[in-house]
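J.: Once you've had a glance at the structure underneath, I'll fire off some questions.
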Amino acid sequence: MAQLIGGLATSHIPAIGNAIHKGLQNAPYWAPFFAGYPPVQQWLGAQKPDVVVMFYNDHGLNFFLDKMPTFAVGAAAQYNNADEGWGIPTLPPFKGEVDLSWQIINTLVGQDFDIVTCQDMLVDHACTLPLKLFWPEGEAPVTIVPININTVQFPLPSAKRVYALGKAVGEAIAAWDSSKKVVVCASGGLSHQLDGERAGFINKAFDLQFMDSLVSNPEWATQFSTLDLVEKTGTQGVELLMWLAMRAALSTAGPSVKEVHRNYHIPISNTATGLMAFEVA
Amino acid sequence: MAQLIGGLATSHIPAIGNAIHKGLQNAPYWAPFFAGYPPVQQWLGAQKPDVVVMFYNDHGLNFFLDKMPTFAVGAAAQYNNADEGWGIPTLPPFKGEVDLSWQIINTLVGQDFDIVTCQDMLVDHACTLPLKLFWPEGEAPVTIVPININTVQFPLPSAKRVYALGKAVGEAIAAWDSSKKVVVCASGGLSHQLDGERAGFINKAFDLQFMDSLVSNPEWATQFSTLDLVEKTGTQGVELLMWLAMRAALSTAGPSVKEVHRNYHIPISNTATGLMAFEVA
Amino acid sequence: MTQPTRQIEGTTPFDGDMARKGYALNKMCFSFNSADNRAAFKNDEEAYMTQYGLTEPQKAAIRSRQVLDLIAAGGNAYYLAKFAGIFGLDMQDIGAQQTGMTKDEFKAKLKAYA
Amino acid sequence: MTQPTRQIEGTTPFDGDMARKGYALNKMCFSFNSADNRAAFKNDEEAYMTQYGLTEPQKAAIRSRQVLDLIAAGGNAYYLAKFAGIFGLDMQDIGAQQTGMTKDEFKAKLKAYA
Ligand SMILES: [Fe+3]
Ligand SMILES: [Fe+3]
């Protein structure tokens, strides 16, 4: 059976791709952000996972309001990155782990998750940037299964529902007939708001409490409704749902987790950026 | 509050559209099929519903395997019919009941159904033909909310899950702040199989038992797995899931239902055709 | 796939394995919703199949017009119906072909269920 | 809508009401994923807006480049970002505009959260 060895979580922002492209990692603005990643890169270098299951939210690249899914699971052999409207250079395609995709799809539908399956799927910066941040040299030596969670159009799935999804994904990984090592990854958050008179809103106290909760009390944030989360974390801060799904998956792999590393830096663009890595204990 | 007054169920087959187009309703082959509809047409003429919530399955017109939903709810102001590959004349567009669409969407996501929302949606013969059969003269005097249930790609949602969906839709209709009269409609089945060495398979005994069960024991068919249903009703017979969703919605509107009418005729094309109409009692 | 495999006689459920295998074939058939695409296919079948990236077994199955071969190549009934439509075949033609009957025999078989 | 309305200061959740209202506007912004479409828009904004069926308030909001107006017209942040990108505006330009600050003031506001 496959082994779920740990979990990762990171913020994503298009500007990060630009900074990587321009080699600005050590510029004063960017250094406190990029400095967070080497410990996680080293951990990954030692652990050598084969597959990343990526919880992320599409930003209007692959999905539009004509067919807006709540949860969408990729089942493609290859995922292409593409122009999201800003002409930022795209990353090379990523290889899909199709067997695991179908393992997850079968498990989820079997547990009454009404997912969309995607045999063709463009992946945006939210899916690609974490892989570049964790494996900065060349192409990431992993295959992927992208799982998209709607943060674009309300009603969003509740935090509770997302947590349940993550658990089911964890169970699917554990039951996968494979000798591969898997990590789950969350891409999104932490608190930020791009739109409205409250643009630029950040909530450090909440973010830190949320990061702490993931270590030992992972269901803490499932008490909040979507509007609670908007109020506390901003309209795009709800992307922390990805972190919940990731952590829920880990909860199925062992009785507890060990925090490998974390970083928190304000601001990059309009965002409070967070980074965490967990090992199954 | 809106009133859910009854439910309809009918088979759909592209050839029916052709027969209507060519005026073959009284031809010997077609008469036993079309003869089933006038009592239901009269009932609808007396009841005068304003809105039809249509459970149907897309046949590869609006959805492909790149984004294949389990459940998709239409939220468009207008739904266009289109060529499905055979060049059969299309029907004029249907008006959407957008307020009810969002009422249903909000209720479903609130109850942990992970639906796809569609603000743009082509509707195929499965959505259009029932309306033409029930209102043969001119355009159907109703607005619609189409709800698509995957029967194309396995894993399909289980019969149990579809029943739960139908119940939630019924609850959403009952809680809709409107004075409109609503009927729920199922389009699909009954037993038939188009593909494989078993093509042409029909199971009359099962169909009749299923139709009976809908009157007084509506959850009867939820005991069956998807593969049970394939075995008993054929690869496309699983479209009877639509009937289950429709009946489940009715179960929320009153303690029981009264059967208004039924018809069952073998065969049209490769299909055992069924028709039922229920009134909330 | 960890799904338990259960055989149903003469039946191939279109599951993940089939969906993977048949993707290009089904995508081509999906394109036949458009009359222009149907015309383009008829005009040059080989070029059209190559454009959609069909595998060699899929191309052979399309050339053969044999529905059972198309299913074995990953074809899905809902999409294959659009391919059959190009040749004016109805569901009873297809049923007859798959069951090795004449169309009249197949019709009689259906009627016998009544 | 039977959803209880709850006000969050300076915030417009993109719910069903907004999604309905903003459909044409967001569809146009979604089209800006393509460089060709961005060029077509820049070449003739009015014709492009008409092609996508924008309402008069949506057209006015696009002409004004005012993000708050675009939101009021049903625009969604994820799609509007693509419109802003056409003019080389980053998220801090947009944040400054919406909050009535200079960009430096807006950056200072963000930094103060650290
Ligand atoms: Fe984001
Ligand atoms: Fe059908």
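The values are calculated or read from the model by the stated rules, or taken from the named source; none is laboratory data. All values reported here derive from a predicted model rather than from experimental measurement. No Cβ is skipped: glycine too gets one built from the backbone with ideal geometry, and neighbour counts run over all protein chains shown.
J.: Provide a single number: the residues in region B:77-113 that are under 27 Å from A:Ile115 (Cα atoms), hydroxyl-bearing (Ser, Thr, Tyr) and without any contact (Cβ under 8 Å) to a residue 60 or more places away in the chain.
T.: Of the residues in region B:77-113, 1 are under 27 Å from A:Ile115 (Cα atoms), hydroxyl-bearing (Ser, Thr, Tyr) and without any contact (Cβ under 8 Å) to a residue 60 or more places away in the chain.
J.: If you don't mind, there's one more thing I want to ask. Looking at region D:20-53 only, could you name the residues that are free of Cβ contacts under 8 Å to residues at least 24 places away in the same chain, within 17 Å of D:Leu70 (Cβ to Cβ) and of a type outside the set (S, T, N, Q)?
T.: Hits for region D:20-53 are D:Glu45, D:Glu46, D:Tyr48, D:Met49.
J.: Assess whether B:Gln111 counts as being more than 16 Å from ligand 1 (Cβ to nearest atom) and within 14 Å of chain C (Cβ to nearest Cβ). Talk me through it step by step, then tell me what you get.
T.: Working: more than 16 Å from ligand 1 (Cβ to nearest atom): yes; within 14 Å of chain C (Cβ to nearest Cβ): no.
No, not satisfied.
J.: Say whether the condition of being more than 10 Å from chain A (Cβ to nearest Cβ), under 30 Å from B:Thr107 (Cβ atoms) and not basic (Lys, Arg) is met by at least one residue in region D:21-31.
T.: Initial filter on region D:21-31 (more than 10 Å from chain A (Cβ to nearest Cβ)): D:21, D:24-25, D:28.
Next, from what is left, pick out any that are under 30 Å from B:Thr107 (Cβ atoms): D:21, D:24-25.
Filter once more, so that each one left must be not basic (Lys, Arg): D:24-25.
There is at least one residue in region D:21-31 that is more than 10 Å from chain A (Cβ to nearest Cβ), under 30 Å from B:Thr107 (Cβ atoms) and not basic (Lys, Arg).
J.: Among the candidates B:Val123, B:Val116, B:Val98, B:Val145, which residue alone is surrounded by fewer than 24 Cβ atoms within 10 Å (Cβ to Cβ) and away from ligand 1 (no atom under 16 Å from the Cβ)? Quick ask: steps written out before the conclusion?
T.: Numbers: B:Val123 fails: surrounded by fewer than 24 Cβ atoms within 10 Å (Cβ to Cβ); B:Val116 fails: surrounded by fewer than 24 Cβ atoms within 10 Å (Cβ to Cβ); B:Val145 fails: surrounded by fewer than 24 Cβ atoms within 10 Å (Cβ to Cβ).
Only one candidate qualifies: B:Val98.
J.: Could you say whether any residue in region D:77-90 is among the acidic types (Asp, Glu), more than 19 Å from A:Val152 (Cβ to Cβ) and modelled with pLDDT of 95 or more? I'd like the intermediate steps shown before the answer.
T.: From region D:77-90, those among the acidic types (Asp, Glu) are D:90; that's our starting set.
Then keep just the ones that are more than 19 Å from A:Val152 (Cβ to Cβ); that gives D:90.
Of the ones still in play, those that are also modelled with pLDDT of 95 or more are none.
No.
J.: Of everything in region B:138-148, what is touching a helix residue (DSSP H, G or I) at 6+ places or on another chain (Cβ under 9 Å) and over 23 Å from B:Gly170 (Cβ atoms)? Give them in sequence order.
T.: Result: B:Glu139, single match.
J.: Could you look through region A:152-198, keep only residues that are of a type in the set (S, T, N, Q) and more than 16 Å from ligand 1 (Cβ to nearest atom), and pick out the one that is farthest from the other protein chains (Cβ to nearest Cβ)? Can you show your working first?
T.: Of the residues in region A:152-198, the ones of a type in the set (S, T, N, Q) are A:153, A:158, A:178-179, A:187, A:191, A:193.
Remaining after also requiring more than 16 Å from ligand 1 (Cβ to nearest atom): A:158, A:178-179.
Details: A:Ser158: 7, A:Ser178: 10, A:Ser179: 15 Å.
That would be A:Ser179.
J.: I would also like to ask the following. Starting from residues that are within 16 Å of ligand 1 (Cβ to nearest atom) and of a type in the set (Ser, Thr, Tyr), keep the ones in region A:227-272 and report whichever is farthest from the other protein chains (Cβ to nearest Cβ).
T.: Among those that are within 16 Å of ligand 1 (Cβ to nearest atom) and of a type in the set (Ser, Thr, Tyr), it is A:Thr233.
J.: Which is aliphatic (A, V, I, L, M) and under 30 Å from D:Cys29 (Cβ atoms), of A:Ala31, A:Ala77, A:Ala27, A:Ala82?
T.: Details: A:Ala31 fails: under 30 Å from D:Cys29 (Cβ atoms); A:Ala77 fails: under 30 Å from D:Cys29 (Cβ atoms); A:Ala27 fails: under 30 Å from D:Cys29 (Cβ atoms).
Unique residue meeting the criteria: A:Ala82.
J.: Return only the number of the condition from (1) surrounded by fewer than 24 Cβ atoms within 10 Å (Cβ to Cβ); (2) away from ligand 2 (no atom under 16 Å from the Cβ); (3) within 10 Å of another protein chain (Cβ to nearest Cβ) that B:Ile105 does not satisfy.
T.: Tallying (1) surrounded by fewer than 24 Cβ atoms within 10 Å (Cβ to Cβ); (2) away from ligand 2 (no atom under 16 Å from the Cβ); (3) within 10 Å of another protein chain (Cβ to nearest Cβ), B:Ile105 fails exactly one: (1).
J.: Any chance you could count how many residues in region A:145-163 are β-branched (Val, Ile, Thr) and either in a helix (DSSP H, G or I) or under 12 Å from the mean Cα position of the chain (by Cα) (or both)?
T.: Matching residues across region A:145-163 total 4.
J.: How do the helices (runs of 4 or more DSSP H) wholly within region B:189-281 filter down when requiring 1 or more residues that are under 30 Å from C:Arg65 (Cα atoms): which remain? Spell out how you get there, then give the answer.
T.: Numbers: elements: B:204-216, B:226-233, B:241-251.
Ranges flagged: B:226-233.
J.: Additional query: When you scan region C:77-89, how many residues do you find that are surrounded by fewer than 24 Cβ atoms within 10 Å (Cβ to Cβ) and in contact with a Pro (Cβ under 9 Å, 6 or more places away or on another chain)?
T.: Summing the residues that are surrounded by fewer than 24 Cβ atoms within 10 Å (Cβ to Cβ) and in contact with a Pro (Cβ under 9 Å, 6 or more places away or on another chain) in region C:77-89 gives 1.
J.: Something else: Which count do you get for residues in region A:48-66 that are within 14 Å of chain D (Cβ to nearest Cβ), in contact (Cβ under 8 Å) with a residue 24 or more places away in the chain and touching a strand residue (DSSP E or B) at 6+ places or on another chain (Cβ under 9 Å)?
T.: Step one: list which residues in region A:48-66 are within 14 Å of chain D (Cβ to nearest Cβ), which gives A:56-66.
Still in the list and also in contact (Cβ under 8 Å) with a residue 24 or more places away in the chain: A:56-63, A:65.
Next, only the ones that are touching a strand residue (DSSP E or B) at 6+ places or on another chain (Cβ under 9 Å) stay: A:56-58, A:61-63, A:65.
Selection size over region A:48-66: 7.
J.: Would you say A:Glu219 is within 22 Å of A:Ala174 (Cα to Cα) and out of contact with any Asp or Glu (no Cβ under 9 Å at 6 or more places or on another chain)?
T.: On the way: within 22 Å of A:Ala174 (Cα to Cα): yes; out of contact with any Asp or Glu (no Cβ under 9 Å at 6 or more places or on another chain): yes.
Spelling it out, A:Glu219 is indeed within 22 Å of A:Ala174 (Cα to Cα) and out of contact with any Asp or Glu (no Cβ under 9 Å at 6 or more places or on another chain).
J.: Kindly provide the set of residues from region C:32-60 that are facing chain B (nearest Cβ under 9 Å) and touching an Asp or Glu at 6+ places or on another chain (Cβ under 8 Å), ordered by number.
T.: C:Asn33, C:Ser34, C:Ala35
J.: Of everything in region B:114-133, what is more than 15 Å from B:Met242 (Cβ to Cβ) and away from chain A (no Cβ under 14 Å)? Give them in sequence order.
T.: First, pick out the residues of region B:114-133 that are more than 15 Å from B:Met242 (Cβ to Cβ): B:114-122, B:132.
B:Lys132, the sole residue that qualifies.
J.: Look through B:Glu219, B:Glu239, B:Glu279, B:Glu259 and report the one residue that is touching a residue at least 24 places away in the same chain (Cβ under 8 Å), charged (D, E, K, R) and surrounded by 24 or more Cβ atoms within 10 Å (Cβ to Cβ).
T.: Details: B:Glu219 fails: surrounded by 24 or more Cβ atoms within 10 Å (Cβ to Cβ); B:Glu279 fails: surrounded by 24 or more Cβ atoms within 10 Å (Cβ to Cβ); B:Glu259 fails: surrounded by 24 or more Cβ atoms within 10 Å (Cβ to Cβ).
Answer to the selection: B:Glu239.
J.: State all residues of region D:90-109 that are crowded, with 17+ Cβ neighbours inside 10 Å, part of a helix (DSSP H, G or I) and away from ligand 1 (no atom under 16 Å from the Cβ); if no residue qualifies, say none.
T.: In the first step, residues of region D:90-109 are kept if they are crowded, with 17+ Cβ neighbours inside 10 Å; the result is D:90-92, D:94-99, D:101, D:106-107, D:109.
If we keep only those that are part of a helix (DSSP H, G or I) as well, we get D:91-92, D:94-99, D:106-107, D:109.
Within region D:90-109, D:Ala96, D:Gln97, D:Gln98, D:Thr99, D:Phe106, D:Lys107, D:Lys109 meet the criteria.
J.: Determine which single condition A:Phe55 fails, assuming it passes every other condition in (1) closer than 20 Å to A:Glu139 by Cβ; (2) modelled with pLDDT of 95 or more.
T.: (1) is the only condition that A:Phe55 fails.
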